[in-house]
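The values are calculated or read from the model by the stated rules, or taken from the named source; none is laboratory data. If you're wondering where the values come from, they're calculated on a predicted model, not measured in any experiment. Neighbour counts are summed over all protein chains in view; Cβ atoms, including those assigned to glycine, are modelled from backbone coordinates with ideal geometry. To get the accessible areas, we keep the full protein, side chains included, count just its heavy atoms, and leave off ligands, DNA and RNA. Shrake-Rupley method; radii C 1.70, N 1.55, O 1.52, S 1.80 Å.
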Amino acid sequence: MKEFIIPNEIKTVLDRLYQNGFSAYIVGGCVRDILMGIEPHDYDVTTSSTPEQTLEVFRDFQTYELGRKFGTITVVSGAHHVEITTMRTEKGYADGRRPDEVAFTDSIMEDASRRDFTINAMAYSLKDGFFDGFGGVHDIENKVIKAVGDAERRFTEDGLRIMRALRFAARFGFEIEENTAKALEKCIFMLDNIAKERINDELDKLIVSAGAADILDRYYSIFCHIIPQLENINKAEMLSLFRETPDERILKLSALLLQTGDNVGIILKNLKYSNDDIDKITKIIENADIKLETDAQLRRMLNKTGYENTVNLLRFKGNNAMLERIELIRNHPYRLKDLAVNGRDLAQFGIKGEQTGVILNKLLSDVIENPGLNTKEQLIINIKSYIE
């Protein structure tokens, strides 16, 4: 068994609970990650103390009570925000997301039995040692995602667990156990009960995982349920592009949705993505077929979409040569404000109103083609040629 080395700030939390007569375990993802040699991002604790007792135990710590209804108190220990949750059982999931009834318990087995997957149902206590009531270690060793208990029940309790199963499989390169996989497909309708923001959060984490393409391929029907427009694209071409695309969220989403074309904005809006995300992905998809092989072409793209979006496009296209060039080219004139002349200069030649914009854009087009023209003297010569 791997040695459980945990930060002193977490030990402080556990010891404080032990000193007050309560059992306490680190639980879930942090235990899984330690066993897999991954440094946990955060630590969750389950305890026999009620929320009221937890608040009393940590009365001299900074605490938050946002999850108190479900038995969770967040305690700040050093740099860690530790969610301390009373061991509990759950009943009824009328909305397919949250339990209708929570009952507190002092049994780690009962608490673990409500969790989603065996690899997330393990716990560790400084006093009582390691708990693995559902074979999580076995499933880690065999690289398997398996539901705790009855798989259909787990997914009908919370439909988001469908996306979590896919995400864990993609992240760790695990297979989804047969009965769990069947339940995924059978319970797909449960995704309809889940807030789109929660779905896109899981999707974002999934698509940047090493095994994402394989999971997309194997469970494509689930992704089509979330994004019906995927049914009408060439799956093989999408997967090929997806595999080649760097593991960055915006780029992976662009690869996934490239063939949806004009529908991409609607798809992303329906999934409650931010306007900023929609803008970035839309610009990649709209310009994916444009050649960017010369400095002038790159300056035109900079003018059209800006620096960040142009970099995203180059990374999406795998154009490393122009990625190197752009750091030099970004200092070239490619915006109206970069021109060596402005509207006041044009007014001296009697150019006013709409004609000002027309002439300035012609000058900018000249300068984008040849940045050396961007001197006041040369641009005035060009201005004269345009009005003669």
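Brief remarks follow.
- Flag if Leu314 is of a type in the set (A, V, I, L, M), under 45 Å from the mean Cα position of the chain (by Cα), buried (at least 19 other Cβ atoms within 10 Å of the Cβ) and under 24 Å from Glu248 (Cβ atoms): yes
- Applying the criterion of being closer than 12 Å to Tyr124 by Cβ and open to solvent by 60 Å² or more (accessible area, probe 1.4 Å) to the residues of the range 1-23, the residue that is modelled with the highest pLDDT is Lys11.
- Top-ranked residue of the range 208-219 - restricted to ones that are under 19 Å from the mean Cα position of the chain (by Cα) and open to solvent by 20 Å² or more (accessible area, probe 1.4 Å), ranked as nearest to Leu257 (Cα to Cα): Val208
Yes/no matrix, rows are residues, columns are (1) aromatic (Phe, Trp, Tyr); (2) modelled with pLDDT of 95 or more; (3) buried (at least 19 other Cβ atoms within 10 Å of the Cβ); (4) assigned to a strand (DSSP E or B):
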position	(1), (2), (3), (4)
Glu39	no, no, no, no
Val45	no, yes, yes, yes
Asp60	no, yes, no, no
His81	no, yes, no, yes
Ile84	no, yes, yes, yes
Pro99	no, no, no, no
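- Of the candidates Lys182, Lys146, the single residue that is more than 22 Å from Lys69 (Cβ to Cβ) and in contact with a strand residue (DSSP E or B) (Cβ under 8 Å, 6 or more places away or on another chain) is Lys146.
- Condition check for Gly67: modelled with pLDDT under 90 and closer than 19 Å to Asp42 by Cα: yes
- Residue list for the range 329-388, restricted to those being of a type in the set (Phe, Trp, Tyr), open to solvent by 40 Å² or more (accessible area, probe 1.4 Å) and assigned to a loop (DSSP other than H, G, I, E, B): Phe349
- Among the candidates Arg167, Arg154, the residue that is more than 24 Å from Glu3 (Cβ to Cβ), touching a Leu at 6+ places or on another chain (Cβ under 9 Å) and open to solvent by less than 50 Å² (accessible area, probe 1.4 Å) is uniquely Arg167.
- Looking only at residues of the range 120-152 that are more than 16 Å from Glu178 (Cα to Cα) and of a type in the set (S, T, N, Q), we find that the one that is nearest to the chain's Cα centre (by Cα) is Asn120.
- Exclusive hit being open to solvent by 70 Å² or more (accessible area, probe 1.4 Å) and either touching a residue at least 12 places away in the same chain (Cβ under 8 Å) or at negative phi (or both), set Lys205, Lys235, Lys280: Lys205
- Among the residues making up the range 173-185, those that are open to solvent by 30 Å² or more (accessible area, probe 1.4 Å) and either part of a helix (DSSP H, G or I) or within 19 Å of Lys269 (Cβ to Cβ) (or both) are Glu178, Asn179, Lys182, Glu185.
- Residues of the range 134-150 satisfying the condition of being without any contact (Cβ under 8 Å) to a residue 60 or more places away in the chain, touching a Ser or Thr at 6+ places or on another chain (Cβ under 9 Å) and either of a type in the set (Lys, Arg) or buried (at least 18 other Cβ atoms within 10 Å of the Cβ) (or both): Phe134, Asp139, Val144, Ile145, Lys146, Ala147, Val148
- Restricting Ser254, Ser240 to those that are surrounded by 15 or more Cβ atoms within 10 Å (Cβ to Cβ) and over 27 Å from Lys186 (Cα atoms) reduces the list to Ser254.
- Spans of helices (runs of 4 or more DSSP H) in the range 192-235 with at least 3 residues aliphatic (A, V, I, L, M) and modelled with pLDDT of 95 or more: 196-207, 212-218
- Just one of the listed residues (Ile188, Ile162) is closer than 20 Å to Leu216 by Cβ and open to solvent by 10 Å² or more (accessible area, probe 1.4 Å), namely Ile188.
- Single condition Asn309 does not satisfy, out of (1) touching a residue at least 60 places away in the same chain (Cβ under 8 Å); (2) open to solvent by less than 30 Å² (accessible area, probe 1.4 Å): (1)
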